[in-house]
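The values are calculated or read from the model by the stated rules, or taken from the named source; none is laboratory data. Everything numeric in this text was worked out from a predicted model, so none of it was measured. Every residue, glycine among them, receives a Cβ derived from its backbone with ideal geometry; neighbour counts consider all protein chains shown. Ligands, DNA and RNA are stripped out before the accessible areas are found, and what is left, the full protein with its side chains, is counted by its heavy atoms. Shrake-Rupley method; radii C 1.70, N 1.55, O 1.52, S 1.80 Å.
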Amino acid sequence: MSTTKRRRILGIIATDSTFERTEHRGREAWLGKCLHCNAHLLVGLDGEPISRATIEHIVPQTAGGTNALPNLGLACARCNQGKGSRHDPHYHRDPRVRELVERLLARRRERWRDPDGEDTE
């Protein structure tokens with residue numbers, strides 16, 4: 001995995017209140033939840049996924065989404081793959097997809113924590 005992706009994952013973890021430091025098989029790691037299904041995700045302290053954690057672009061890049069942290073979350077590979085195949089540049093025309101994107105954005109806002117360690121409300 002590239003250094004850029006690992007840094008991006010660590011940025012997501014720093015701003016997602018579901019992630020906490022833990023020990024996994026004698027190794028320090030981050031334990032959090034999938035943005036979609038709340039399944040446990042494990043990521044090494046270096047940003048390398050231990051479980052099948054993947055970067056989730058809530059608003060897809062093909063639809064104008066960016067790599068800004070509020071638009072990113074971590075999802076299990078199964079959930080991310082399932083969502084990814086339904087998006088296209090015209091996602092805003094499909095009310096079901098718009099609803100999914102809005103729900104994920106709201107969930108990301110609910111989980112948001114200040115990267116300095118203070119939760120925001």
field: Counting all C-alpha pairs of segment 1-62, share separated by more than 17 Å (%)
entry: 35
- request: Any chance you could give the angle, 0 to 90 degrees and rounded to 10, that helix 3-14 forms with the longest Cα principal axis of the chain?
  value: 90
field: Å² per residue, accessible surface of the chain at 1.4 Å
entry: 59
query: So, in nm, how far is label ARG21 from label ALA63 when the simple model puts each one 7 Å beyond its Cα toward the Cβ?
result: 3.7
task: In whole Å, largest first, what are the principal axis extents of the Cα atoms in the chain?
output: 48, 31, 25
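Using +1 on the beta carbon of Lys and Arg, -1 on that of Asp and Glu, and nothing else charged, what's the dipole of the chain about the Cα centre, debye to 20?
560
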- prompt: Distance in nm between label sites at ALA106 and ASP94, each 7 Å beyond Cα in the beta-carbon direction?
  reply: 2.0
message: Quick check: residue separation of THR4 and LEU45 times 0.36 nm, minus the Cα distance between them. What number comes out in nm?
response: 13.3 nm
